[in-house]
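Take a look at the structure below.
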Amino acid sequence: MRRSAVLFALSLTLALIGSDSGPAAPLDALDIPMRSRPIVHFGADTSITRFGALEFVGGLEMSSSASLFGAWSSVRFLPDAANFIGVLDTGHWLTGTILRDADGKLSGLSDVSITGIADGSGRPRPGKSATDAESLALRGDKILVGFEQRHRVDVYPRANFKASPPVGTLPLPFPARQLRGNGGLETLVASPVTSTLGGGMVTIAEKSVDQDGHLYAGILDGPSKGDFRVVRHDDFDVTDGAFLPDGDLLILERRFAFSTGIAMRIRRINGGDIRPGALVDGEVLLTSQHGDQIDNMEGLDVVQAADGSTHVILVSDDNHSILQRNIMLEFKLLR
């Protein structure tokens, strides 16, 4: 375990250092061949399927001969709960469809394509610092992407987004200089239009904290625009989030320590607590350690299953490292 943790640490540390070198992302969509291996059990005890407030449904370990595949930062599913849009922190769009077997478990991905995210002039963005896409939200006829290093939230038209430059940028309710270079806007999600936030865009920083150690967060637009804070616990970093049908917010968190390796946690924040000036905290629904089937978990979305139950789907960022994996995990929310 210790040797594995050290190798993982080296891989993650090198990735977090970042690089401004490498070719620009192509704007023409590239079809990506995929290989998938089912993840049948989540924990070491194969008889256990319930983990905290979640029940493990199934998962995938994904790979491709295409070198562009990897570094998956965020995922958003369309209303059919099958087709998805994602972003890679290398400055790419990732689109595709999840496949299921006869029992409804994840069995693979199809129609996967990768396209470079265009800059304001319609060209691929050069350099890692300008292309570090970490968060993603869908709202109406727009797609919004949160970038770190050059911290911003750019707005793209939903129609033909793969070929379109941004049509605007949402202002942040706190100074961008308060955000760490590799600890910026990792969560971006549209609030329910029926909530007091009125569909406003909510963002949470990964590890950028104020003088009291609380994470910077904000409501970027809508009737309740303003900044708030999220309590940070146990050195966990926030890597994504999604609203539940009842208006509560799930946040995905990751922690790394050399001694224990990687850990993952999911917290549930009361949606009614999110407002300008608030300090919000939440109930822990799930905590998993390196011995479980996790990796560098960075993306989370919520979908409705065919039976009406609420499911949570997670994806990992392999940092294009042979020491890490691209995985997708699916859980059923039990309460």
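The values are calculated or read from the model by the stated rules, or taken from the named source; none is laboratory data. In this text the structure is predicted, and so the values were computed from the model without any measurement. FYI the Cβ positions are ideal-geometry reconstructions off the backbone, even for glycines, and counts take in every protein chain you see.
A few points about this structure:
- Any hit, region 81-96, residues being in a loop (DSSP other than H, G, I, E, B), more than 20 Å from the chain's Cα centre (by Cα) and on the phi < 0 side of the Ramachandran plot: no
- Residue that is farthest from Ile48 (Cα to Cα) [pool: residues in region 306-335 that are modelled with pLDDT under 95 and among the aliphatic types (A, V, I, L, M)]: Ile322
- When we screen Asp141, Asp154 for residues that are under 21 Å from Thr95 (Cα atoms), at pLDDT 95 or above and surrounded by fewer than 18 Cβ atoms within 10 Å (Cβ to Cβ), the only hit is Asp141.
- Once region 197-247 is narrowed to residues that are under 26 Å from Lys332 (Cβ atoms) and among the hydrophobic types (A, V, I, L, M, F, W, C), the residue that is surrounded by the most Cβ atoms within 10 Å (Cβ to Cβ) is Ile204.
- The single condition among (1) at pLDDT 95 or above; (2) closer than 24 Å to Gly86 by Cα that Ile262 does not satisfy is (1).
- Residue within region 296-317 that is more than 21 Å from Arg76 (Cβ to Cβ) and polar (S, T, N, Q) present: no
- Matching residues in region 160-179 - criterion: being over 30 Å from Asp212 (Cα atoms) and of a type in the set (Gly, Ala, Ser): Ala163, Ser164, Gly168
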